[in-house]
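All remarks here apply to the structure that follows.
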Amino acid sequence: MYVIQLVGYKNSGKTTLAVELIKRLQQQGFNIATIKHHGHGGEPSFVENTDTASHWEAGATAAAVFGEETLQIKLWNDKISIERMLDFYKEFGVDITIMEGFKRLDYAKIVLIRDNSDNRLLDELANIQMVYSRDESIIHTSKPLYKDKELLFQEVQRQLDSFRIN
């Protein structure tokens, strides 16, 4: 399995890049999963006023609902680690997990830089493979810098093995 970790500050384009990368890799036949860090405080959305929400609110450790084609699960994150989540994905045939956020985890990263004030991430973070920025004033980084999204996608595909975790 491969993990492509996209990190950067808020509004750096992580979600936009993730969506485009998902589409591109899925079109090539890869099974893609995502894990997103909810870094805005509070809890992620869960459908309220449903039986499953009632189970959760009553104190269930985990609550899941199967639809015709999808499964939604909610559980306390102290019950599962990122590594176990990746194992779960692998069990279901996921080829590539795109991880959005979780700056401090040590997976191979693409760092998104909005402007020069974000450059400190390049000194603070580990396992940086590539840097992406649309800011024309950023001309040099200690890691390969991409300004063109198409070239970045091509390079991710070419260097996919650098994102392998097992």
Residues located in the range 103-149, provided they are among the polar types (S, T, N, Q) and either under 23 Å from residue 35 (Cβ atoms) or in contact with a Leu (Cβ under 9 Å, 6 or more places away or on another chain) (or both): 127, 129, 133, 141, 142
Could you go through the range 149-159 and let me know if any residue there is assigned to a loop (DSSP other than H, G, I, E, B), surrounded by 17 or more Cβ atoms within 10 Å (Cβ to Cβ), of a type outside the set (Val, Ile, Thr) and over 14 Å from the mean Cα position of the chain (by Cα). no
Go through (1) surrounded by 13 or more Cβ atoms within 10 Å (Cβ to Cβ); (2) assigned to a loop (DSSP other than H, G, I, E, B) and name the single condition residue 139 misses. (1)
Looking at the range 52-102, which of the residues that are among the acidic types (Asp, Glu) and surrounded by 15 or more Cβ atoms within 10 Å (Cβ to Cβ) is farthest from residue 36 (Cα to Cα)? 95
Would it be correct to say that residue 80 is within 20 Å of residue 17 (Cβ to Cβ) and either aliphatic (A, V, I, L, M) or touching a Lys or Arg at 6+ places or on another chain (Cβ under 8 Å) (or both)? no
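Here is a yes/no grid of residues against (1) touching a strand residue (DSSP E or B) at 6+ places or on another chain (Cβ under 8 Å); (2) modelled with pLDDT of 90 or more:
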position	(1), (2)
49	no, no
54	no, no
62	yes, no
65	yes, no
72	yes, no
77	no, no
99	yes, yes
103	yes, yes
108	yes, yes
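The values are calculated or read from the model by the stated rules, or taken from the named source; none is laboratory data. As the structure is a computational prediction, the values presented were derived from the model and not from experiment. Here Cβ is always computed from backbone atoms with ideal geometry, including for glycine, and neighbour counts include all displayed protein chains.
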